[in-house]
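To start, the structure itself, in structure tokens.
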Amino acid sequence: MIYEKAFAKINLALEVGKEIDGYHEVQNLMVPIDLYDEVFLEKAYEDSIDCEIEIIDNICLKAIKLFKEKFSIKESVHITLHKNIPIMAGLAGGSSDAAATLRGLNRLFEVNASYEDLYEIACQLGSDVPFFLNGQIALCTGRGEIINPVDIDFKGISFLIIKPSFGLSTKEVYQHYVYDGVSRNKELQNLIAAIKNKDFDEIDQWIFNDLQTTALNLSPELAELYQKIDNLSYIPHLSGSGPTLFILNVKYVDLENIKALDDSLTLHLCHTI
């Protein structure tokens, strides 16, 4: 049996540009965190997956299909997937599961596939999947599939992940997003400089997400939660298309204050890896 960890991510910067052929161009500064799903792979009589959470049209099965086609593999695979990353949360759990599946299949069948081979399959599965093949802080461009590693030591930084009980549709958020034509390159460079200096006040100032306003407008519940956190003098940030919010540098955060806002919140104290 092969075991892989599928780590979640947060967005420190998400610039969403114009739409081309149904996809928005992005500049997406992503960092992996130590919240992860567990993926177990073993050879079986048919391709199948067990998961305690029902996930319709599971991306891991697509990963198996494409991997087997690529390398002409006839044997089948059974996956046991333990979900710790909330679904529909803006943390890219599904994309990370798919990347972990590709890495696991490579080991299970001893294919010794190159990064380029796995990358080709990952791009077919989704824009975020290639990032998780290596899972290091990177600026992802194009549709998100062009991975540009950033030479920054940003490991061990604490975050509080705040997941409401409701979800948000990524497709719906992008459909309602209106590109304003304004470049965010200056903000991005200021953010990268602040990260290099580990200046948390500056990092908080320069973190941005072009989808945040759209997500808050689409979900009054999320907007209310965002305002409640802001009223506590913490700075909440949206990850991806939401609805997950995060707070940087948790050692200064009173977790009981956050829990008291809504007893249905799921909180994860995480660190960058």
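The values are calculated or read from the model by the stated rules, or taken from the named source; none is laboratory data. Nothing here was measured: the structure is a model prediction, and the numbers come from that model. As a convention, Cβ positions derive from the backbone with ideal geometry for all residues, glycine included, and neighbour counts pool all protein chains shown. These accessible areas exclude ligands, DNA and RNA; they are computed on the full protein's heavy atoms, side chains included. Shrake-Rupley method; radii C 1.70, N 1.55, O 1.52, S 1.80 Å.
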Quiz item: Say we join alpha carbon atoms closer than 10 Å with springs in a Gaussian network model of the chain; which of Leu160, Leu218, Leu14 then has the biggest fluctuation?
Solution: Leu218
Quiz item: For segment 68-80, what does the Karplus curve 6.51 cos²θ - 1.76 cosθ + 1.60, with θ = phi - 60°, yield as ³J(HN,Hα) per residue in whole Hz, taken in order and with x for Gly and Pro?
Solution: 5, 5, 4, 10, 6, 9, 9, 5, 10, 9, 10, 10, 10
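Determine the calculated [θ] at 222 nm for the chain from helices alone, applying -39500 (n - 2.57) to every DSSP H run no shorter than 4 residues and normalising by the residue count; nearest 500 deg cm²/dmol. Walk me through the numbers before you get to the answer.
Details: 10 runs with 95 residues, N = 273.
Computed ellipticity for the chain at 222 nm equals -10000 deg cm²/dmol.
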Quiz item: Ordering Tyr115, Tyr23, Tyr226, Tyr177 from largest to smallest accessible area (1.4 angstrom probe), what's the sequence?
Solution: Tyr23, Tyr115, Tyr226, Tyr177
Quiz prompt | For segment 190-204, 3J(HN,Hα) per residue [Karplus equation, 6.51 cos²θ - 1.76 cosθ + 1.60, θ = phi - 60°, Hz, x = Gly/Pro] | solution = 5, 5, 4, 5, 5, 5, 4, 8, 6, 8, 5, 4, 5, 4, 4
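Magnitude of the Cβ-charge dipole of the chain, K/R +1 and D/E -1, about the Cα centre, nearest 20 debye? Numbers along the way, then the final one.
Details: 23 positive and 41 negative charges, 74 e Å.
In debye, rounded to 20, the chain gives about 360.
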Practice problem: Can you check what the net charge comes to around Lys83, using other residues whose Cβ is under 9 Å from the Cβ of Lys83 (Lys, Arg +1; Asp, Glu -1)? | Solution: -4
Exercise. Using a 1.4 Å probe over the heavy atoms of the protein chains, calculate the carbon and sulfur portion of the accessible area of the chain as a whole percent.
Key: 47 percent
Quiz item: When the solvent-accessible surface of protein heavy atoms is calculated with a 1.4 angstrom probe, in what order do Thr266, Thr101 fall, highest first?
Solution: Thr266, Thr101
Quiz item: So what is the diffusion coefficient of the chain in µm² per second by Stokes-Einstein at 37 °C and 0.692 mPa s, using a Kirkwood Rh over Cα pairs?
Solution: 170 µm²/s
Self-check item: Cα gyration tensor shape of segment 165-273, rounded if a/c is under 1.5, else prolate or oblate by comparing a/b with b/c
Solution: oblate
Practice problem: Might you report the magnitude of the Cβ-based charge dipole of segment 1-139 about its Cα centre, with Lys and Arg at +1 and Asp and Glu at -1, to the nearest 20 debye? | Solution: 200 debye
Quiz item: Which listed residue (Leu108, Ile56, Tyr234) has the Cα farthest towards the positive end of the charge dipole for the chain, taking +1 on Lys and Arg C-beta and -1 on Asp and Glu C-beta about the Cα centre?
Solution: Leu108
Practice problem: Quick one: accessible surface of Asp47, probe radius 1.4 Å, all protein chains present, in square angstrom to the nearest 10. | Solution: 60 Å²
Quiz item: Largest first, what is the accessible-area ranking of Ile64, Ile49, Ile20 with a 1.4 Å probe?
Solution: Ile20, Ile49, Ile64
Quiz item: Among Pro220, Pro130, Pro32, whose mean-square fluctuation peaks in a Gaussian network model of the chain (Cα, cutoff 10 Å)?
Solution: Pro220
